[in-house]
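Report on the following structure.
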Amino acid sequence: MIALPRDKVVITACVTGAFLTKEMTPAAPVVPEEIIQAARDAYDAGAAIIHIHARDRDTKPTGSKDVFREIHEGIREYCDVILQDSTGGGANLSMEERIDCLNALPEMASLNMGTLLRTMGSGAGTPFMNPTPEIEQWAARMQELGIKPEMEVYSHAMIRDVENLIAKGLVEKPYYVNLVMGMAYQGAVAATPKMLSSLIEFLPQDTIVNVTATAAAQLPLTTIGTVTGCCIRVGLEDNIYYRRGQLATSSAQLVQRAARIAHELHKEPATPNETRHILGLTPLQQPTARAETSTSR
Ligand code: KMH
Ligand code: ZN
């Protein structure tokens with residue numbers, strides 16, 4: 001694995017997912033305007049990357065490039081944070097609909113490296129399909145469009161598909177792998193320090209690692225990630241609680257805590273352009289409203 005510079009941590013904020021509802025937490029962003037605001041707040045708190053799930057005005061998950069574009073523009077008017085679209089979509093979306101977000105030209109996009117089982121929401125009991133031929137096809141499309149894949153690996157078995165993409169020249173160095181731990185009974189490994197170090201052990205060289213862990217494991221595992229030179233992902237998509245019995249007020253609150261912990265460890269959140277440099281993305285020159293007035297980033 002490639003460790004981050006020792007004085008940096010790269011924070012991704014996952015501000016909403018496919019299942020989050022206002023009933024689960026009033027802080028859930030479920031329409032485009034709320035997603036844009038949550039992304040802006042997460043950037044202000046220290047996030048360098050926003051992992052984006054789009055919702056339409058009826059709060060339904062959508063893969064529509066037009067809705068993704070609207071969300072991109074709303075975020076971009078404010079700041080230069082890296083835009084990472086989810087091709088995971090939601091249970092209501094076909095494979096074709098899930099991939100439409102690439103046409104909105106994000107800088108990065110999630111690429112799930114194997115099939116899982118949904119256990120929550122309307123799709124409970126149905127497979128979250130990510131067969132190898134589609135993984136290859138989507139990686140090829142991302143390569144064509146200059147979009148960096150965020151390869152989401154939930155178990156050791158999925159590392160085979162990472163190796164396959166590398167062998168076929170469908171992903172470029174540095175590889176970026178998000179280890180997603182803790183989705184119990186869905187096909188993910190348990191979110192434990194031992195599983196994290198074991199997954200890292202089996203990853204290809206030249207891989208930058210991001211740590212994602214769900215629910216109560218988010219805080220301890222991302223803290224281990226910070227200590228060990230990994231990127232980390234926090235936000236309501238993966239965890240709606242600040243602590244046991246207390247809902248988080250926003251993804252920004254979780255980003256703020258991650259940044260505070262990093263600070264105590266003599267590290268600072270990498271800016272979006274520092275992160276672009278680390279990941280091999282093209283720097284963004286265009287000034288944005290927030291970046292022009294910013295003193296904190
Ligand atoms: N919901 C996450 C645990 C995606 O968006 O492509 C997995 C995820 C998938 O982030
Ligand atoms: Zn997601």
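Condition first: away from ligand 1 (no atom under 16 Å from the Cβ) and more than 12 Å from V15 (Cα to Cα). Now tell me which residues in region 28-64 satisfy that.
First, the residues of region 28-64 that are away from ligand 1 (no atom under 16 Å from the Cβ): 31-34, 36-37, 40-41, 43-46, 48, 56-59.
Across region 28-64, the qualifying residues are E33, D44, A45, G46, A48, D56, R57, D58, T59.
Kindly indicate whether G121 is part of a loop (DSSP other than H, G, I, E, B), more than 10 Å from ligand 1 (Cβ to nearest atom) and closer than 25 Å to E23 by Cβ.
Details: part of a loop (DSSP other than H, G, I, E, B): yes; more than 10 Å from ligand 1 (Cβ to nearest atom): yes; closer than 25 Å to E23 by Cβ: yes.
The answer is yes for G121.
Just one of G89, G63, G74 is surrounded by fewer than 20 Cβ atoms within 10 Å (Cβ to Cβ), touching a helix residue (DSSP H, G or I) at 6+ places or on another chain (Cβ under 9 Å) and among the small types (G, A, S); which is it?
Numbers: G89 fails: surrounded by fewer than 20 Cβ atoms within 10 Å (Cβ to Cβ); G63 fails: surrounded by fewer than 20 Cβ atoms within 10 Å (Cβ to Cβ).
None of the others qualify; the one that does is G74.
For residues in region 11-38 being of a type in the set (G, A, S) and more than 24 Å from I224 (Cα to Cα), which is farthest from the chain's Cα centre (by Cα)? Quick ask: steps written out before the conclusion?
Within region 11-38, the subset of a type in the set (G, A, S) is 13, 17-18, 27-28, 38.
Still in the running and more than 24 Å from I224 (Cα to Cα): 18, 27-28, 38.
Numbers: A18: 13, A27: 19, A28: 16, A38: 14 Å.
Looking at the filtered set, the residue picked out is A27.
Consider region 238-277. How many of its residues are of a type in the set (S, T, N, Q) and free of Cβ contacts under 8 Å to residues at least 40 places away in the same chain? Explain how you work it out, then say what you get.
Let us first name the residues in region 238-277 that are of a type in the set (S, T, N, Q), namely 239, 246, 249-251, 253, 256, 271, 273, 275.
Within this subset, residues satisfying the condition of being free of Cβ contacts under 8 Å to residues at least 40 places away in the same chain are 239, 246.
Of the residues in that region, 2 qualify.
Is it the case that region 242-265 has a residue that's open to solvent by 60 Å² or more (accessible area, probe 1.4 Å) and acidic (D, E)?
yes
Return the residues of region 1-27 that are away from ligand 1 (no atom under 14 Å from the Cβ), aliphatic (A, V, I, L, M) and open to solvent by 10 Å² or more (accessible area, probe 1.4 Å); say none if nothing qualifies.
Here is the first cut: in region 1-27, the residues away from ligand 1 (no atom under 14 Å from the Cβ) are 1-11, 21-23, 25-27.
Right, trim to aliphatic (A, V, I, L, M) and you get 1-4, 9-11, 27.
Passing the criteria: M1, I2, A3, L4, A27.
Quick check on region 266-283: of everything there that is β-branched (V, I, T) and in a helix (DSSP H, G or I), which residue is surrounded by the most Cβ atoms within 10 Å (Cβ to Cβ)? If you could, list the steps in order and put the result at the bottom.
Our first condition is that a residue be β-branched (V, I, T); within region 266-283, this holds for 271, 275, 278, 282.
Imposing the further condition that a residue be in a helix (DSSP H, G or I) reduces the set to 275, 278.
Working: T275: 23, I278: 19.
So the residue we want is T275.
The values are calculated or read from the model by the stated rules, or taken from the named source; none is laboratory data. Given the structure is predicted, the values throughout are model-derived calculations rather than measurements. Ideal geometry is used to build each Cβ from the backbone, glycine not excepted, and the neighbour counts take in all protein chains shown. With ligands, DNA and RNA removed, areas are computed over all heavy atoms of the protein, side chains included. Shrake-Rupley method; radii C 1.70, N 1.55, O 1.52, S 1.80 Å.
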